[in-house]
Amino acid sequence: MGRSCCRGGSSSSALRLAAVGILSLGSILSISGCGNGTKAGPPLFPGKVNLTPSNNTSVELGATFAFTASAQTATGTNLNVPITYSSSDTAIVNVAPNGVACAGHWDVAFTTCTPGGTGLALVTASALKESSVPTYVFVHPPVDSVTVTGILLDGVPVQEPCLSQGQAMTLEAHAFSQGSDVTSSVGPFTFSAQNPSVVNLVGVVNTAYNFATNQTTATAFIPGMTQIYASASGVSSSSFHQPQYQNSQGITSPVLDFFETCPIQSISLEVGLPGSQQTLQTTFVASSSQTSSQTATAVLTDVMGNTSLPNTINGIVLSKIPLTWSASQPAVVGTATGCQQSCVLRTPLPGSGSITASCSPPTCNIGFPLIPASLSTPAAIASCTQFFHAQFPQLNSCQQLIPVPVYASPPAPGSPVLPGTGLTPEGDGAISGLVTGTPAGTALLATSMGCAHLPTTTCSTSVYSLSTARATPGPENPLPASPNSLLFDPAGDKAFMGSDFGALLISPANFGTSNSPFTGLGTVTGKVLATSNDGTTAVFADTLHTPNQVYVVNAAGNSLSATPLNISQAVASAFSPDGLKAFIFGNGGGSLYVYSPQQALQGPIALAGPVNANSVAFSSNGAFAFVAEAAANGGAANLTAFNTCNNQVATSPPTSPNPPILATVPLPGNPLFMKVLPGLQIEGRDSSGYPIPDGQHVLVLDATGVDILTSEISPPPPTSGTLCPQFLTFVSGNPAASSAKPASLVQRVELGQGTIQPINFFASADSSQLYVVAAGHASILVYNFAAGAVTSGIELLGNATPLSADMSADAGTILIAGSDGLLHEVSTGLGGSDQVQLSFPNLPDYLNSFCAYTTTQNPCTLNLVAARP
C-alpha cells in the first residue's frame with residue numbers, strides 16, 4: 001500500500017497498557033487534503049485517555065458500577081471526542097456505551113445485569129484509536145469473611161511471639177464466600193493496623209499487575225501490641241493469627257491472635273553517653289551559670305534481650321523509641337523538647353530536682369490495657385511460655401507480652417561499683433541533680449479566698465501577679481470568679497484556679513498584655529487537686545453541689561475539655577509523672593480511684609484510713625504512689641506504697657522461703673503533709689542520732705515532728721517473667737530496725753515544740769535542712785540534719801504569723817502570707833531572714849486589697865500565695 005500523508009495515530013488494542021496521542025475531531029475536520037488544499041489551523045497534538053476507576057477495582061457478581069473517561073492533549077487540554085469502552089473478557093464484565101459496567105451480561109437494552117463468570121477482566125477506554133491504561137476488574141461471589149494469617153516463607157519460622165524492632169513477617173489475607181476461598185477473584189486487599197505506630201505495613205506487589213496482592217510485609221517499629229486487619233470488597237477481617245509451626249518435638253506452636261513489636265522490659269538512666277564511665281551515675285551537680293549541658297541517656301532492653309546499645313555483631317539496636325520524659329522541678333532541672341532515648345538537661349536555676357523517663361502508653365508499650373484472648377488465662381500464658389521459651393530462652397514468660405508502662409529502674413543488685421568511688425550504686429531509678437548558683441527572683445500569684453463561697457455579684461476578688469525581684473505588688477487583676485484554690489503546673493506556664501462558681505485557667509505570661517490571662521473552664525466547679533507534670537491535665541473536685549463530681553480537665557492545645565467522674569467527696573489527687581494515671585481519693589479520702597484516659601475508671605479501692613489533700617505523691621521514677629493514711633477503725637496511721645502499673649500495694653522482693661512483704665509502714669501520728677525528695681544523699685541524722693540511708697526519701701509531717709521513710713527500689717529480675725511491678729523495700733539507719741517490726745523502719749525528727757498546726761514544710765535544695773511553717777508561730781522552724789535537731793527559727797517581722805506558705809523553685813525564698821496582711825519574703829540563705837514585707841494597696845472605692853464587697857464588712861485577707869515554679 002502507498003503511504004498516506006494524512007495518516008492518523010497508530011492503532012491500539014483493547015489491552016494496550018501505554019496511552020498514545022490522539023487527534024482532535026476539530027483538527028481532522030480542518031484538513032481538506034494532503035496536497036495543496038486549504039491551509040489547516042494549528043493541530044492539537046496527541047495526548048492521553050484517562051479512565052476512572054483506574055488501576056483496579058473489585059466487585060460482586062451481578063453488580064453494576066460506572067466508568068468515566070476523558071481525552072486530553074499532552075498539555076492537558078480536554079478534548080470533546082467520543083469514548084468507547086471494551087472488556088477483555090465479556091463473559092465476566094460487560095460495559096455499556098455510557099460506561100456503566102455489569103459484572104456479568106447486559107441485556108440488549110443495557111438495563112438488566114445478569115451474573116456471569118468470576119475472575120479477572122481488563123476494561124479499557126478508547127478515543128480516536130487511542131486507549132487508556134486498563135483497569136483490572138476482579139469479579140467474585142459475595143465476600144462474607146476475611147482472615148489475616150502470618151505465613152512462613154521457605155518454611156523458616158520468624159521470631160515469635162513478638163518481633164524486635166526492624167524484624168518482619170509476611171501476612172496473607174484470604175476472602176471467603178459461604179466457606180469457599182474466593183481470594184483469587186477478589187483482587188488486592190487493603191491492610192491496616194489498630195495501632196499503626198506499632199507496625200509498618202508494605203503491600204507485596206505482583207509485578208505482572210504492578211499493584212498489591214493479598215500479602216503484606218509487617219515490620220516491627222514502636223514497642224506495643226496491635227491487631228492487623230485486611231479488607232476486600234467492603235468486608236474487613238475480624239481475626240489475626242501469627243504463623244504457626246512445629247518444633248523439633250513435632251509440637252505445634254500455640255495460636256497467637258495479635259501482632260507485637262517486642263515490649264521494652266527495662267530502662268536504666270545514665271548521665272552522659274551510653275557505655276561511658278558515668279554509666280551507673282544517677283546524680284549530678286551542675287551550676288545554673290554553666291554553658292555546657294548535661295545529657296541524660298536511657299538504655300533500653302526489650303523482652304528478647306535486644307538493647308539500645310551499639311554492638312559489633314550487626315545485631316538489633318533499638319532506636320527512636322518515644323519515651324516519656326518528665327521533671328519534678330522543670331525550672332531547676334528540665335529537659336529539652338522532643339526527647340526520645342536521650343535528652344539534653346537544662347539547669348537554668350539553682351535548686352534540686354529529678355528527671356525520669358518511662359515507656360508509657362499510649363506512645364510506648366502501646367496497647368495498654370489490651371489483653372488478647374490468647375493470653376487471657378494463666379493456662380494460655382503457661383502454654384505460650386512453655387513453647388516459646390524453649391525457642392527463645394531470653395523470653396522468660398509470655399506474661400511479658402501484655403502491654404504495661406515500664407519505669408526506669410536503678411541498677412540491679414550486684415551491679416559493679418561506681419567508677420573511682422568504691423560505692424555500690426543505689427537510687428530510685430531517676431536522675432537527680434543539685435544545681436548550684438545564686439538564687440534569683442521568683443514570680444508568684446497572691447490573692448484571697450475570703451469570697452470563695454460568695455457569688456461575684458456580692459463579692460469579687462482580685463489577684464496580683466508579681467516577682468520577688470521587684471519590691472512592688474503591681475496592679476490588681478480582677479478575677480472572673482473568686483478562688484477556693486490555686487495550683488501551678490510544674491513548668492509554671494499555667495495555673496489552675498478552683499472556684500465554687502466557675503474554675504479558671506490562668507496564663508501568667510498574659511498579665512500586663514492585651515491578652516486576657518483568664519480562660520473559663522465551662523461548667524467545671526470545685527477545688528483544684530492536682531495537675532499533670534506536663535501541665536495539660538488537672539483534677540477538680542466539686543464537693544458542694546449535688547451530686548458531687550470530679551472533673552478531669554484537658555487543657556492541651558487551644559481546646560479545653562472536661563471529663564466528669566462520679567466520685568463523691570474527693571479530697572486529694574496526684575498524677576503519675578508520665579501522666580498515664582491520676583490517683584483520686586474520694587469518699588472523704590477513704591477510697592482510691594484510678595483514672596486513666598487509656599482505660600475505664602478503676603475503684604473504689606478501700607483504704608485503711610483517710611487521706612488528706614497533702615499526703616499523696618509519686619516516687620521520682622513514677623513507679624510508685626506513696627499514700628499517707630490517718631488512723632481509723634482502731635488501726636494506726638500508715639504510709640503505703642502502691643504500684644503505678646497495676647494499682648496494687650507494692651511489695652519487697654520475695655526471698656525464699658519468705659513471702660514478699662507489703663510496702664506498708666505504721667506512723668506514730670496522723671499525717672498532715674508529705675513530700676518526696678529528689679534522690680540526693682541526706683548528710684545527717686535523725687533525732688535519735690541514726691544516719692539516714694541512701695534511697696528514695698519520703699518525709700511525713702504530723703503535729704509534733706517529721707517521719708523519714710527511706711525505700712530501696714529494685715527492678716523485677718528477668719526471671720520473674722513480668723514487666724511490672726518493681727519492688728520496694730523500706731530500710732532504716734537504725735541498726736535494730738527490722739522488716740519484722742515495720743514501725744522500727746520509721747526514723748523520727750522531733751520538732752520539740754509540742755503540738756503545732758503546720759501550714760506547710762519544705763526541704764532545702766541540698767536536703768540538709770527542713771523548714772516547718774506553723775499557724776500561730778511567728779518563726780519558721782529549721783531542722784538541721786547535720787546537728788540532728790531544730791537549731792534555729794527564722795523570725796517573721798512584726799510578730800506576724802503565717803496564713804499560707806510556699807517556696808520558690810530554687811528553695812532560696814519562702815513566701816509567707818502573714819496575719820498582718822503583708823507578703824513576707826523570707827530568704828533561706830545565711831541562716832535565714834525576713835527580708836521583704838510587701839503591702840498591697842486598697843482596691844478603688846474599697847478598704848480592702850483583694851475583695852470588692854457590697855457591705856461594710858471586709859472578709860478578705862491575703863491567705864493564698866502560689867510560687868511560680
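Results, tabulated for the structure shown:
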item	result
Test: residue in segment 659-666 that is open to solvent by less than 30 Å² (accessible area, probe 1.4 Å), over 19 Å from PHE583 (Cβ atoms) and in a loop (DSSP other than H, G, I, E, B)	no
Tally of residues being farther than 20 Å from ALA789 by Cα, part of a loop (DSSP other than H, G, I, E, B) and modelled with pLDDT of 95 or more across segment 668-684	3
Which listed residue is of a type in the set (A, V, I, L, M, F, W, C) and free of Cβ contacts under 8 Å to residues at least 40 places away in the same chain, from ALA509, ALA530	ALA509
Extreme residue, nearest to ALA379 (Cα to Cα), among residues of segment 223-238 that are assigned to a loop (DSSP other than H, G, I, E, B) and in contact with a strand residue (DSSP E or B) (Cβ under 6 Å, 6 or more places away or on another chain)	GLN227
Any hit, segment 203-212, residues being buried (at least 19 other Cβ atoms within 10 Å of the Cβ) and not in a strand (DSSP E or B)	no
Single unsatisfied condition, LEU770 versus (1) assigned to a loop (DSSP other than H, G, I, E, B); (2) modelled with pLDDT of 95 or more	(1)
Counted residues, segment 617-646 - those being touching a residue at least 60 places away in the same chain (Cβ under 8 Å), open to solvent by 10 Å² or more (accessible area, probe 1.4 Å) and either part of a strand (DSSP E or B) or on the phi > 0 side of the Ramachandran plot (or both)	1
Strands (runs of 3 or more DSSP E) within segment 486-605 that include 2 or more residues within 28 Å of CYS364 (Cβ to Cβ) and in contact with a Lys or Arg (Cβ under 7 Å, 6 or more places away or on another chain)	591-596
Among (1) under 30 Å from ASN210 (Cβ atoms); (2) open to solvent by 80 Å² or more (accessible area, probe 1.4 Å); (3) modelled with pLDDT under 80 - the single one ASN78 does not satisfy	(3)
Residues within segment 340-365 that are open to solvent by 10 Å² or more (accessible area, probe 1.4 Å), among the hydrophobic types (A, V, I, L, M, F, W, C) and not in a loop (DSSP other than H, G, I, E, B), tallied	1
Residue that is assigned to a strand (DSSP E or B), at pLDDT below 95 and not charged (D, E, K, R), where the choices are GLN215, GLN244, GLN249	GLN215
Cβ-Cβ under 7 Å pairs, at least 6 apart or on other chains, segment 176-201 side touching a residue at least 40 places away in the same chain (Cβ under 8 Å) and more than 21 Å from ASP257 (Cβ to Cβ), far side β-branched (Val, Ile, Thr) and open to solvent by less than 60 Å² (accessible area, probe 1.4 Å)	VAL182/VAL143; SER185/VAL139; VAL186/VAL143; PRO188/THR213
So SER687, is it within 22 Å of ILE814 (Cα to Cα) and in a loop (DSSP other than H, G, I, E, B)	no
Condition check for ALA390: at pLDDT below 95, outside any loop (DSSP other than H, G, I, E, B) and open to solvent by 60 Å² or more (accessible area, probe 1.4 Å)	yes
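Let's see how each residue does on (1) touching a helix residue (DSSP H, G or I) at 6+ places or on another chain (Cβ under 7 Å); (2) free of Cβ contacts under 8 Å to residues at least 60 places away in the same chain; (3) open to solvent by less than 30 Å² (accessible area, probe 1.4 Å); (4) not in a helix (DSSP H, G or I):
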position: LEU699; (1), (2), (3), (4): no, no, yes, yes
position: ILE708; (1), (2), (3), (4): no, yes, yes, yes
position: LEU723; (1), (2), (3), (4): yes, no, yes, yes
position: THR729; (1), (2), (3), (4): no, no, no, yes
position: GLY733; (1), (2), (3), (4): no, yes, yes, yes
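The values are calculated or read from the model by the stated rules, or taken from the named source; none is laboratory data. No experiment lies behind these values; they were computed from the predicted model shown. Neighbour counts run over all protein chains shown; Cβ positions are idealised from the backbone, glycine included. All accessible areas refer to the heavy atoms of the entire protein, side chains included, with ligands and DNA or RNA removed. Shrake-Rupley method; radii C 1.70, N 1.55, O 1.52, S 1.80 Å.
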